Amino acid sequence: MPAPQADFKSLKQRIPIDHVLARYGVRLRSVGPHTLYGACPLPTHTSRHSPQSFSVNLSLQVWSCHSASCIAARGGCIGGHVIDLVAILERCSLREAGLRLQDWFNVGASNPVPVRAPAMASSSAEPNRPLGFVLQRIDTRHPYLAQRGISPATAQMFGVGMYHGNGFLAGRCVIPIRDEKSQLVAYAGRAVNGEEPKYRFPAGFRKSQVLFNLDRAMQTGSRNVIVVEGFFDVMKVHQAGHPVVVALMGASFSQRQSELLLSHFASVTLMLDGDNTGRRAAEVIAQLLKPKVSVSKVELPNTVQPDHLSSAEINALVGPANCTF
């Protein structure tokens with residue numbers, strides 16, 4: 001199977017570098033109409049005498065760090081473009097950085113590969129390490145959750161709520177993410193006021209290595225699972241009485257996620273978003289899984305997501321009448 005490709009030119013043109021920095025929680029100050037300046041976020045930065053050495057040119061969409069440590073680590077290069085930035089922060093190759101950017105910002109390659117490849121991400125990444133802390137001051141009864149149709153009981157069970165602490169998730173609705181061993185590996189932060197990016201994840205977190213809510217789904221002992229795209233999709237489906245539900249955290253499907261599904265379930269119901277991306281992903285995932293498990297698909301109307309539906313609507317859709325591939 002051909003390996004997925006990243007369209008570097010498209011990524012550089014279409015993804016603002018400040019949006020990528022915001023995703024990592026990097027905060028820089030404006031020192032001009034097109035320039036940001038501040039502390040270097042790169043793991044290569046060890047220079048104690050140049051803490052404010054990182055700058056971004058928004059008009060050129062490039063970054064630079066003038067510290068001796070970062071320059072030495074890059075063989076004399078002072079800076080680079082957005083793909084270089086992600087490669088350094090994620091400690092991965094340029095190709096892998098490009099694929100991650102495509103995944104995070106939903107930017108498709110200009111030269112798409114055959115239908116099986118777009119949703120299958122690499123499984124070579126290291127597993128996510130358990131966090132050494134638990135966030136406090138999370139309001140599970142915040143009005144935002146009621147606006148999304150999430151009951152207080154569901155919010156409390158998932159540990160979801162408005163975070164009133166400090167850091168790059170401050171003022172966002174946080175969602176704890178656990179691996180299949182129930183180890184807390186990350187918090188996602190959902191913007192509630194239209195801020196970009198819509199979701200923030202900690203630097204280094206690899207969502208391709210996790211299925212959201214898998215640990216709870218496994219504990220039911222059921223061999224039938226519903227697969228959705230997002231966190232709130234899981235919560236709404238669970239709330240409707242279907243606890244065996246997991247999320248891809250996007251429309252990409254990695255080898256590791258495939259292995260997790262195949263290890264624990266005998267049948268899969270795909271309930272991805274009712275847009276072109278979700279439908280293409282459902283087709284690809286079905287083709288990948290159907291030789292090994294029973295796969296069915298729930299097709300949602302245009303632009304509809306599972307979290308838009310009421311419990312009654314979800315129950316009407318998730319049933320034995322689904323078409324099996």
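In the list Ser59, Ser10, Ser47, Ser30, which residue meets the criterion of being farther than 16 Å from Leu85 by Cβ and touching a residue at least 40 places away in the same chain (Cβ under 8 Å)? Just a single option satisfies the conditions, and that option is Ser10. Screening the stretch 123-161 for residues that are modelled with pLDDT under 95 and of a type in the set (Ser, Thr, Tyr) and picking the one that is surrounded by the most Cβ atoms within 10 Å (Cβ to Cβ) gives Ser123. Regarding the stretch 214-222, can at least one residue be identified that is in the same structural domain as Leu131 (by TED's automatic domain parsing), surrounded by 15 or more Cβ atoms within 10 Å (Cβ to Cβ), among the hydroxyl-bearing types (Ser, Thr, Tyr) and under 26 Å from Ala87 (Cβ atoms)? Looking through the stretch 214-222, none of the residues is in the same structural domain as Leu131 (by TED's automatic domain parsing), surrounded by 15 or more Cβ atoms within 10 Å (Cβ to Cβ), among the hydroxyl-bearing types (Ser, Thr, Tyr) and under 26 Å from Ala87 (Cβ atoms).
Scanning the stretch 201-213 for residues that are under 24 Å from Asn276 (Cα atoms) and either surrounded by fewer than 20 Cβ atoms within 10 Å (Cβ to Cβ) or of a type in the set (Ser, Thr, Tyr) (or both) turns up just one, Ser208. I'd like to check something: does the stretch 174-190 contain any residue that is more than 20 Å from Gln257 (Cα to Cα), hydrophobic (A, V, I, L, M, F, W, C) and in a loop (DSSP other than H, G, I, E, B)? No: the stretch 174-190 contains no residue that is more than 20 Å from Gln257 (Cα to Cα), hydrophobic (A, V, I, L, M, F, W, C) and in a loop (DSSP other than H, G, I, E, B). Only residues that are of a type in the set (Ser, Thr, Tyr) and outside any loop (DSSP other than H, G, I, E, B) were counted in the stretch 137-172, giving 3.
Residue pairs whose Cβ atoms lie under 7 Å apart, sitting 6 or more positions apart in sequence or on different chains, and linking a residue in the stretch 139-150 that is in contact (Cβ under 8 Å) with a residue 12 or more places away in the chain and within 13 Å of Ala191 (Cβ to Cβ) to a partner that is of a type in the set (A, V, I, L, M) and part of a loop (DSSP other than H, G, I, E, B), are Tyr144/Val192.
The values are calculated or read from the model by the stated rules, or taken from the named source; none is laboratory data. If you're wondering where the values come from, they're calculated on a predicted model, not measured in any experiment. Every residue, glycine among them, receives a Cβ derived from its backbone with ideal geometry; neighbour counts consider all protein chains shown.
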